[in-house]
Amino acid sequence: MNNNYKEIVTKAVIGKSKKTSTDEYSILLEENISNVLGCWVINHTFKGYNSNGKVAVNGSYDVNIWYSYDNNTKTNVIARTFNYSDIINVNLKDKLTDGNEIIVRSLTAPSASNVNVEDNTLKLTVEKELGVEIVGDIKVKINVLDDYDDYEEDNSSLTDDINIDEDYLNKKN
């Protein structure tokens, strides 16, 4: 048998990376804040694209902060939308092209790690972790056996090895 190699072209993950980032924000409020009662980060959306051979991710999320004011006699919730842009380096053998598919995942959802009040300003820190996969064309070499024929004709008969008694039914009666 001769060995012959064939190439299969397929799509595969050709690069992966992840990035943890921290963003700090300040929100000026009109009320005199007594306490921060809670903080939630919701509605996280993002999209990745090729930016000069690197992966750029643009996204946004809403931050809802529940706080008390007026000497803890009243409460309010403030909602703000924050936009972000992250650059994520992915090690690739070849340069990132527009033909590559970019898949971005949120590995750790954005969450507020620190919320402080200074005068009438809320200062908060939001942490998140994004993962990126680059999908591209690759070639896989496989060994093909040329002399093997899947469709060889089978000349044997199923009844060659079976002894059939044709008078079986007549003998029973």
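Across Ile103, Ile142, Ile65, mean-square fluctuation computed from a Gaussian network of the chain (C-alpha pairs under 10 Å connected) peaks at Ile142.
Across segment 60-76, coupling constants 3J(HN,Hα) worked out from phi with the 6.51/-1.76/1.60 Karplus curve, θ = phi - 60°, read 7, 8, 9, 10, 10, 10, 9, 9, 10, 8, 6, 6, 6, 9, 9, 10, 7 Hz, and Gly and Pro carry x.
Where does each of Phe82, Phe46 land when they are ordered by accessible area, with a 1.4 Å probe and the largest first? Provide the component values of the computation, followed by the final result.
On the way: Phe82 30, Phe46 65 Å².
Sorted descending by solvent-accessible area, the residues read Phe46, Phe82.
Comparing Leu29, Leu107, Leu96 in a Gaussian network model of the chain (Cα springs below 10 Å), the most mobile by mean-square fluctuation is Leu29.
Measuring only protein heavy atoms, the 1.4 Å probe finds Arg105 accessible over about 120 Å². Based on the Stokes-Einstein relation at 4 °C and a viscosity of 1.567 mPa s, and on the Kirkwood radius from alpha carbon pairs, the chain is assigned a translational diffusion coefficient of 58 µm²/s.
Go ahead and estimate [θ] at 222 nm for the chain from helices alone: -39,500 (n - 2.57) per DSSP H run with n ≥ 4, summed, over the residue count, rounded to 500. Before the final figure, lay out the partial values.
Details: 1 runs with 5 residues, N = 173.
Calculated mean residue ellipticity at 222 nm is -500 deg cm²/dmol.
Structural descriptor for segment 35-97: relative contact order 35 percent, calculated from alpha carbon pairs under 8 angstrom and at least 6 residues apart. If I build a Gaussian network model for the chain, linking alpha-carbon pairs within less than 10 angstrom, which residue out of Asn114, Asn58, Asn71 has the largest mean-square fluctuation? Maximum fluctuation in the GNM of the chain, among the listed residues, is at Asn71.
Pairs from the table (Lys95/Lys141; Lys19/Lys141; Lys54/Lys123; Lys54/Lys128) lying more than 26 angstrom apart at Cα are Lys19/Lys141; Lys54/Lys123.
The values are calculated or read from the model by the stated rules, or taken from the named source; none is laboratory data. What you are looking at is a predicted structure, and each value in this text was computed from that prediction instead of being measured. The protein model used for the area step is the full one, side chains on, heavy atoms only, and it has no ligands, DNA or RNA in it. Shrake-Rupley method; radii C 1.70, N 1.55, O 1.52, S 1.80 Å.
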